[in-house]
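Below is one structure, written out as structure tokens, with a few remarks after it.
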There are 4 protein chains.
Amino acid sequence: MTAKVVSTEIMKKIKLGLIGLGRIGKVHAENLVYRVQAADLVAVADPMEATRDFANNLGIQNFHTTPENIFDNQEIDAVVICSPTPTHLPIIESAAKQGKHIFCEKPLEMTTKKIQQIIDITKQNGVKLQVGFNRRFDANYRRVHAQVTSGKIGEPHILKITSRDPAPPSIDYIKSSGGMFMDMTIHDFDMARFIVGSEVVEVFAKGAVLADKAIGEAGDIDTAMITLKFANGCLGVIDNSRKAVYGYDQRLEIFGSKGMSKITNNYSDTQISFDENGRHAGLPLHFFMQRYTEAYCEEIREFVEAIQGDKPVLASGEDALKATQIALAANKSLVMNAPINVTQTFLSVP
Amino acid sequence: MTAKVVSTEIMKKIKLGLIGLGRIGKVHAENLVYRVQAADLVAVADPMEATRDFANNLGIQNFHTTPENIFDNQEIDAVVICSPTPTHLPIIESAAKQGKHIFCEKPLEMTTKKIQQIIDITKQNGVKLQVGFNRRFDANYRRVHAQVTSGKIGEPHILKITSRDPAPPSIDYIKSSGGMFMDMTIHDFDMARFIVGSEVVEVFAKGAVLADKAIGEAGDIDTAMITLKFANGCLGVIDNSRKAVYGYDQRLEIFGSKGMSKITNNYSDTQISFDENGRHAGLPLHFFMQRYTEAYCEEIREFVEAIQGDKPVLASGEDALKATQIALAANKSLVMNAPINVTQTFLSVP
Amino acid sequence: MTAKVVSTEIMKKIKLGLIGLGRIGKVHAENLVYRVQAADLVAVADPMEATRDFANNLGIQNFHTTPENIFDNQEIDAVVICSPTPTHLPIIESAAKQGKHIFCEKPLEMTTKKIQQIIDITKQNGVKLQVGFNRRFDANYRRVHAQVTSGKIGEPHILKITSRDPAPPSIDYIKSSGGMFMDMTIHDFDMARFIVGSEVVEVFAKGAVLADKAIGEAGDIDTAMITLKFANGCLGVIDNSRKAVYGYDQRLEIFGSKGMSKITNNYSDTQISFDENGRHAGLPLHFFMQRYTEAYCEEIREFVEAIQGDKPVLASGEDALKATQIALAANKSLVMNAPINVTQTFLSVP
Amino acid sequence: MTAKVVSTEIMKKIKLGLIGLGRIGKVHAENLVYRVQAADLVAVADPMEATRDFANNLGIQNFHTTPENIFDNQEIDAVVICSPTPTHLPIIESAAKQGKHIFCEKPLEMTTKKIQQIIDITKQNGVKLQVGFNRRFDANYRRVHAQVTSGKIGEPHILKITSRDPAPPSIDYIKSSGGMFMDMTIHDFDMARFIVGSEVVEVFAKGAVLADKAIGEAGDIDTAMITLKFANGCLGVIDNSRKAVYGYDQRLEIFGSKGMSKITNNYSDTQISFDENGRHAGLPLHFFMQRYTEAYCEEIREFVEAIQGDKPVLASGEDALKATQIALAANKSLVMNAPINVTQTFLSVP
């Protein structure tokens, strides 16, 4: 079946089904209902009966405990997938075959092989595929991106990304996360490619267990420093920590032949106090749900508008594939304590 | 008739009617529908038929071209009044007599006599009255307020408020605005009392026509410097301009015996560019609709919650009365080029 | 006798005598010896024998206990006067008559009549007169001044100066200081004229005793808010405190038809700490000796260079006269609680 | 001969001889004469007759064209060595044998073997040895260092250093510089050890020629990203560029278990302009001579005071040895594209 052709008539709303009403699923549902004018969220599916009330309160017409009704609903133009990662491939396959455009949360899948399958399926069925790299839609990163693409900084020479969480997740979460690079740094790998505008060709990853021994016992790291080399010659570095006691820390800097563009972290207010001990200001916005509130809304709005206007999406399946390849190469580098060629790695580590 | 007693049962929603679907009325309507969980906006009234579609799109059940149906609707707990200023007193009177709690946009009324009547009517009918001093609900000002009330800055000695608009309104608007002090500075007069926590006892206002001669020809000023003296001895100053070419500028600083608390202006992102000419960053959030988006939402949320929990409102009728008195005294000071005692003024200038 | 004609030959050093080796006299002496290449400090005079060692350590050839030897020394091109204010007029008279160029610390004199005499004497003898308004030579203020004179901010509309001391001087000092406006605000009055580039025509001064009751008992104030109106229509405000617990606070902002230029306070380092309570940074540079170290050096260097190159000085006797007139008008405004016309005032209050 | 015993009597001045009146030699000479009270610069030596005038103007008694007279002068307590690097070892040897304390500019020597010889010689003769790692004496870095040593940031986890020059040196200079790591990054290697308080055990260096092809043709790099691992587990990164078009860029950040301490770059003034295009501020202090003016003064003052009070120096021969070892390991890493164990490297690369 071919993808639904969406009328270009002004204000033709896009009808969507959403699968998985966990924390991020609820965020997308509320944004679609309240903040995305072009969207009409007509159905949600979640195995937990307890989420039915949430759907009802949003005024969503159809609640299902399995996604099949959404695949079969010919009215529905697109699906938003927020279910657990192992379900992504089969859900995308079913939805794409019914001509639905796909928005899928990250990680798209854990192996490059399955991600390639997803890309192939969506291409074969002519449907759009957007992945949840929400930071690309954040005002700060966008402004830096615009500085680079407009040539303001010239040729990129040095990229620096700082990305630190306020507190580690549970050890259970860590055990099933695919490791810090796949779970946390993958956003930074994607951002690196997005800002530099060139592919990562080599990765050297150093990791350490400095914040919480239990993370090390679970086989993961909590602190990392990752050096990148890009195809255009630019050098990059990402530093990560699972535990910044002062809160979520999200910064980026790109330096080039004509100048530099950088962003600082975000805070809830601009207040500064002065007393006899010095100057004092507040903590950052707590974590990603507070920091990227607008970006979550914007990514789903632009997904809907990409369907409405038949435009390319800003975060594609290929983007997910490339970021995953870098993460896998970083994992390998960590183990081998050696720089790793990215394109060679994903062939051997599916 | 007495005010409706609102059940304290958790999640009992407050039913509201909204009168006046102009720009700010639409903002309140969207916030009530999309962002205030405790609110149920059941009816709107506006004489313009063209606003019916807006109401329908929000899923509001009842649209009326006159407010009477809202007054008579016994289901409705509260009204949100966004109609032209001259209608405020009669609408509040009708609504209060039907036991409805009142949220009314600023200016509440143009004379202290009518504002006093509004206060009296709402008290007699036992309904809450909140006025639209939205800046009290802004995260920046709140943080400063908390620093003062918690004693962090000690006794207040000096208050400084900068409040500048990006561009003047139309000359038609200016002619019917009541003058810059009543239209624009009134927010700053309210903020001055809110932050210092003491009444203004003397005003000295200097005004000038520097930005646009047409404003002067219309009998108003576009630039002002207003000195305040507070009952607790604190000295204050407000500077205003109708035209800051770099955009909306909203800052405040309070200095006291133990320290200082200040806020800077707000911007859409944190990006800074560096090139061979220096460092460059972006313009402020454009104007009040962008700058105070969250504050508009928060003021209406807290109004609804004040009804739900039977708590006092943060911006009362008395606050509107006091700010108006200061504005009238400032007008008089401008004409006389002399400091004016505030409490004496409003007696003679109703 | 006519002023000494200084050879334009490159590296012809200017020979100076310095009168008064108190705190500021020592600063000027060290700057002349160590940091001003074009200067040759050949003599100092101070009645205290204890200062002789200081002079010797600097390698100054001649130490006198009275200034006459300096007046009579035909080698000397210029004198730097750091003696008590009441001695300024007679010293300047004697020095000018011997053709010496004059650098004199502020206040030049306490009455406009005597300041006018000083101006007349120096003009009659054809010698330069520079007064110690050191802030005009500070990098921050200079940068703002350049923004204004280059037209970057357009026509000036609003000027704001914040000037707060870390701690009040002794009560003895206050009693003989001429009052806060003459002692402390006079720097701000001068800066206001310097930045706006127009004369102050009206002053309204509010004062209060909020920091230290003893200051009030000594007949002075410790907190002030002074509104200014300039001949070009610009409005201004200066806020002062004798006691900012967080330290010396020196800021300025000028707003005009094309934009704004502002400076923040100065700190000893750029370090910021982040912990679980927020962000923390250090106190400002302690007081004027630390904050204006460079400006003190620069003012004396430019005085010497003005002589060497026969160029006008940046802070003239007329500047001292005007600032004093404003201070006297502010004193009068404070007493009368009314705005005061500046040009009328100094006629009646010599 | 044993080191001169310096009297602990207050104000006993230290007598110094300075060897090499190039750019940095002149800076040290002026600081010793004008700004270091405890110093008495009694002799300088430089083969260029043209520098004699400079010495005379400073009032230095003895000018020599060879350093022997300084070694032989029994009055002299210490020597300041600013001659070319290849002369350091023989000069230090001669001076140390005469019991002179040693301040020597960086690089101390180009091989670890010769540096070790210098350390041995100075120890055997009981003289102090301080190397010109001037940044350790800068107010910004000192403040960060104090935060770390006082435990404010807890255990160090991540170190980030940005160090970029405004423009590359001449190709001739580059050819004899020992390479970017030895010439430029060596300051950062020293700072890394100073701030983290632990030894670097592994280095991974990526380099590129992005700013100027001629540098590549001369066999060097102009852009680098160097990952460090410290003995205490901390991870670090240094990024370098020979050409930042916006100017000299010197920043550092240390992140740990209890918080973060960071410094921003330094600027000549705090002025910010606002116009219809945004906010604009100035360029950084131009280069190291402007940026580290105070640090150059402070390092020589503390050297003199260390002699006077018989205290340890803040930047020792061992510090130079360690930084050189890291630079050599970085060179090796660059060639091998592999992480290099630091302690093993300097054994094989003398």
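Some values worked out for this structure:
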read-out: Conditions (1) more than 23 Å from C:I340 (Cβ to Cβ); (2) away from chain D (no Cβ under 14 Å); number of the one not met by C:Q250; value: (2)
read-out: Residues of region C:98-151 satisfying the condition of being away from chain D (no Cβ under 14 Å), surrounded by 18 or more Cβ atoms within 10 Å (Cβ to Cβ) and acidic (D, E); value: C:E105, C:E109
read-out: Where a residue in region A:88-101 is under 8 Å from A:F71 (Cα atoms) and its partner, wherever it lies, is of a type outside the set (K, R) and assigned to a helix (DSSP H, G or I), with Cβ under 6 Å and at least six apart; value: A:S94/A:F71; A:A95/A:F71; A:Q98/A:F71
read-out: Filter pass, D:A205 being under 20 Å from the mean Cα position of the chain (by Cα), small (G, A, S), surrounded by 23 or more Cβ atoms within 10 Å (Cβ to Cβ) and more than 30 Å from C:I153 (Cα to Cα); value: no
read-out: Test: residue in region A:262-273 that is surrounded by fewer than 24 Cβ atoms within 10 Å (Cβ to Cβ), touching a helix residue (DSSP H, G or I) at 6+ places or on another chain (Cβ under 8 Å) and away from chain B (no Cβ under 14 Å); value: no
read-out: Any hit, region D:277-294, residues being β-branched (V, I, T), assigned to a helix (DSSP H, G or I), under 24 Å from the mean Cα position of the chain (by Cα) and within 14 Å of another protein chain (Cβ to nearest Cβ); value: yes
read-out: Condition check for C:V245: assigned to a loop (DSSP other than H, G, I, E, B), of a type in the set (V, I, T), over 24 Å from D:T293 (Cα atoms) and within 14 Å of another protein chain (Cβ to nearest Cβ); value: yes
read-out: Region C:21-47 residues that are hydroxyl-bearing (S, T, Y), paired with ones that are outside any helix (DSSP H, G or I) (beta carbon under 9 Å, 6 or more apart); value: C:Y34/C:L58
read-out: Positions within region D:194-216 being in contact (Cβ under 8 Å) with a residue 24 or more places away in the chain and out of contact with any strand residue (DSSP E or B) (no Cβ under 7 Å at 6 or more places or on another chain), in sequence order; value: D:F194, D:G197, D:D212, D:A214, D:I215
read-out: Leading residue by the ranking (surrounded by the fewest Cβ atoms within 10 Å (Cβ to Cβ)) among those in region D:295-348 that are closer than 20 Å to D:T112 by Cα, of a type in the set (S, T, N, Q) and more than 17 Å from the chain's Cα centre (by Cα); value: D:S348
read-out: Candidate set: region D:311-350, residues that are in a loop (DSSP other than H, G, I, E, B), farther than 23 Å from A:E202 by Cα and modelled with pLDDT of 95 or more; chosen: the one nearest to the other protein chains (Cβ to nearest Cβ); value: D:L314
read-out: Per-region count, region B:248-276, residues touching a residue at least 12 places away in the same chain (Cβ under 8 Å), closer than 30 Å to D:H286 by Cα and part of a strand (DSSP E or B); value: 1
read-out: Members of region B:29-56 that are closer than 20 Å to B:I300 by Cα and among the polar types (S, T, N, Q); value: B:N31, B:Q37
read-out: Qualifying helices (runs of 4 or more DSSP H) (wholly inside region A:12-108; at least 2 residues being touching a helix residue (DSSP H, G or I) at 6+ places or on another chain (Cβ under 7 Å)); value: A:23-30, A:88-97
read-out: Boolean, D:G233 is surrounded by fewer than 22 Cβ atoms within 10 Å (Cβ to Cβ) and not in a strand (DSSP E or B); value: yes
read-out: Condition check for B:T122: touching a residue at least 12 places away in the same chain (Cβ under 8 Å), within 30 Å of C:G236 (Cβ to Cβ) and either outside any loop (DSSP other than H, G, I, E, B) or among the small types (G, A, S) (or both); value: no
read-out: Residue check for D:I226: more than 9 Å from every other protein chain (Cβ to nearest Cβ) and part of a strand (DSSP E or B); value: no
read-out: Only one of B:L32, B:L18, B:L58 that is of a type in the set (A, V, I, L, M) and modelled with pLDDT under 95; value: B:L58
read-out: Qualifying positions in region C:247-258 - surrounded by fewer than 22 Cβ atoms within 10 Å (Cβ to Cβ) and of a type in the set (G, A, S); value: C:S257
read-out: Filtered residue count, region D:28-67, keeping only those that are within 14 Å of chain C (Cβ to nearest Cβ), surrounded by 15 or more Cβ atoms within 10 Å (Cβ to Cβ) and over 19 Å from C:L58 (Cβ atoms); value: 1
read-out: Some residue of region A:176-184 being more than 19 Å from A:L321 (Cβ to Cβ), hydrophobic (A, V, I, L, M, F, W, C) and either surrounded by fewer than 21 Cβ atoms within 10 Å (Cβ to Cβ) or over 20 Å from the mean Cα position of the chain (by Cα) (or both); value: no
read-out: Those residues of region A:178-219 which are closer than 22 Å to A:Q344 by Cβ, assigned to a loop (DSSP other than H, G, I, E, B) and modelled with pLDDT of 95 or more, in sequence order; value: A:G179, A:S198, A:E199
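The values are calculated or read from the model by the stated rules, or taken from the named source; none is laboratory data. As the structure is a prediction and not an experimental result, all values here were calculated from the model. Because the Cβ atoms are built from the backbone with ideal geometry, glycine has one as well, and the counts that use them run over all protein chains shown.
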